[in-house]
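Visitor: I'd like to ask some things about the structure below.
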Amino acid sequence: MAFVNERLTTGQRIDFKNRQIKNPILGNVACPRCRTIDTEKDMCLWHLGNLGRDDFNDHAFLFEWKGNEYVVIMEYSDPDPNSNLIKWSISKYEKGFTGEEDFADDFKDALRTFAIDGSDHQRGEIIVDVDFRRR
């Protein structure tokens, strides 16, 4: 099975919030509405939120992979508003992720499915480019 976006139930949202996982920059407790999950491979991408008003396009993600949790900050861009292509790249705020980690390919697949906001209606509608090169 591949990654799919699914909307969380109220109970799932409460369970996640009770884990007290925080946005690494803002420090607030995350409470996502959707998740991008591959149940067969036991991988899950959670959107922890953007970095605030001044860095609205920089977003923190929690990626659960093989029993480990990785927080990665990625930057969203829409290079051509007239096309359905969007791009995720390593944020200037990301200090530890290089794109060479063992989980990087699966993280890239999850981001492609997540698209813009993790809602299921985007599947097949949005083309997602993921670039792990540093600028």
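The values are calculated or read from the model by the stated rules, or taken from the named source; none is laboratory data. In this text the structure is predicted, and so the values were computed from the model without any measurement. Backbone-built Cβ (ideal geometry, glycine too); neighbour counts: all protein chains shown.
Visitor: With respect to GLU64, determine if the residue is surrounded by 14 or more Cβ atoms within 10 Å (Cβ to Cβ) and assigned to a loop (DSSP other than H, G, I, E, B).
Guide: Numbers: surrounded by 14 or more Cβ atoms within 10 Å (Cβ to Cβ): yes; assigned to a loop (DSSP other than H, G, I, E, B): no.
Considered against the rule, which asks whether it is surrounded by 14 or more Cβ atoms within 10 Å (Cβ to Cβ) and assigned to a loop (DSSP other than H, G, I, E, B), GLU64 comes out as no.
Visitor: Also, quick follow-up: All but one of (1) out of contact with any Cys (no Cβ under 7 Å at 6 or more places or on another chain); (2) crowded, with 18+ Cβ neighbours inside 10 Å hold for PRO79; state the number of the condition that does not hold.
Guide: In the conditions (1) out of contact with any Cys (no Cβ under 7 Å at 6 or more places or on another chain); (2) crowded, with 18+ Cβ neighbours inside 10 Å, PRO79 misses (2) alone.
Visitor: Residue pairs, Cβ under 8 Å, 6 or more apart or interchain, first in segment 22-47 and within 24 Å of LYS95 (Cα to Cα), second in a loop (DSSP other than H, G, I, E, B) and charged (D, E, K, R). List them.
Guide: MET43/LYS66; HIS47/ASP117
Visitor: Now for a separate question. Does VAL72 qualify as being of a type in the set (A, V, I, L, M, F, W, C), more than 21 Å from GLN20 (Cβ to Cβ) and buried (at least 17 other Cβ atoms within 10 Å of the Cβ)? It would help to see each step written out before you state the result.
Guide: Details: of a type in the set (A, V, I, L, M, F, W, C): yes; more than 21 Å from GLN20 (Cβ to Cβ): no; buried (at least 17 other Cβ atoms within 10 Å of the Cβ): yes.
The answer is no for VAL72.
Visitor: Being modelled with pLDDT of 95 or more and not aromatic (Phe, Trp, Tyr): is that true of VAL72 here?
Guide: Working: modelled with pLDDT of 95 or more: yes; not aromatic (Phe, Trp, Tyr): yes.
Here the answer is yes, as VAL72 does meet what is asked.
Visitor: Out of the residues in segment 1-60 meeting the condition of being loosely packed, with under 13 Cβ neighbours inside 10 Å and among the hydroxyl-bearing types (Ser, Thr, Tyr), tell me which one is nearest to SER119 (Cα to Cα).
Guide: THR9
Visitor: What about SER89, is it over 20 Å from ARG13 (Cα atoms), polar (S, T, N, Q) and assigned to a strand (DSSP E or B)? Break it down into steps so the answer makes sense when it comes.
Guide: Details: over 20 Å from ARG13 (Cα atoms): yes; polar (S, T, N, Q): yes; assigned to a strand (DSSP E or B): yes.
Judged against the criteria, SER89 is a match.
Visitor: Of all residues in segment 103-128, count the ones that are free of Cβ contacts under 8 Å to residues at least 24 places away in the same chain and either among the hydroxyl-bearing types (Ser, Thr, Tyr) or part of a loop (DSSP other than H, G, I, E, B) (or both).
Guide: Here the count works out to 1.
Visitor: On to the next question. Scan segment 60-81 residue by residue and report those that are within 9 Å of the chain's Cα centre (by Cα) and closer than 18 Å to ARG13 by Cβ.
Guide: ALA60, PHE61, LEU62
Visitor: In addition: Looking only at segment 83-94, decide whether some residue is in contact (Cβ under 8 Å) with a residue 60 or more places away in the chain, under 14 Å from ASN5 (Cα atoms) and not small (Gly, Ala, Ser).
Guide: Here is the first cut: in segment 83-94, the ones in contact (Cβ under 8 Å) with a residue 60 or more places away in the chain are 93.
Keeping just the survivors that are under 14 Å from ASN5 (Cα atoms) gives none.
The answer is no; no qualifying residue exists.
Visitor: Can I ask one more? Can you find, within segment 1-36, the residue that is farthest from LEU62 (Cα to Cα) among those that are in contact with a Leu (Cβ under 7 Å, 6 or more places away or on another chain) and assigned to a strand (DSSP E or B)?
Guide: Among them, the one singled out is CYS34.
Visitor: In the list GLU125, GLU101, GLU94, which residue meets the criterion of being more than 14 Å from the chain's Cα centre (by Cα) and surrounded by 14 or more Cβ atoms within 10 Å (Cβ to Cβ)? Please lay out each step first, then the result.
Guide: Values: GLU125 fails: surrounded by 14 or more Cβ atoms within 10 Å (Cβ to Cβ); GLU94 fails: more than 14 Å from the chain's Cα centre (by Cα).
So the residue among GLU125, GLU101, GLU94 that is more than 14 Å from the chain's Cα centre (by Cα) and surrounded by 14 or more Cβ atoms within 10 Å (Cβ to Cβ) is GLU101.
Residue-by-condition table, conditions (1) more than 19 Å from ALA110 (Cα to Cα); (2) touching a Phe, Trp or Tyr at 6+ places or on another chain (Cβ under 7 Å):
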| position | (1), (2) |
| --- | --- |
| ARG19 | yes, no |
| LYS22 | yes, no |
| VAL29 | yes, no |
| THR39 | no, no |
| ASP54 | yes, no |
| ASP58 | no, yes |
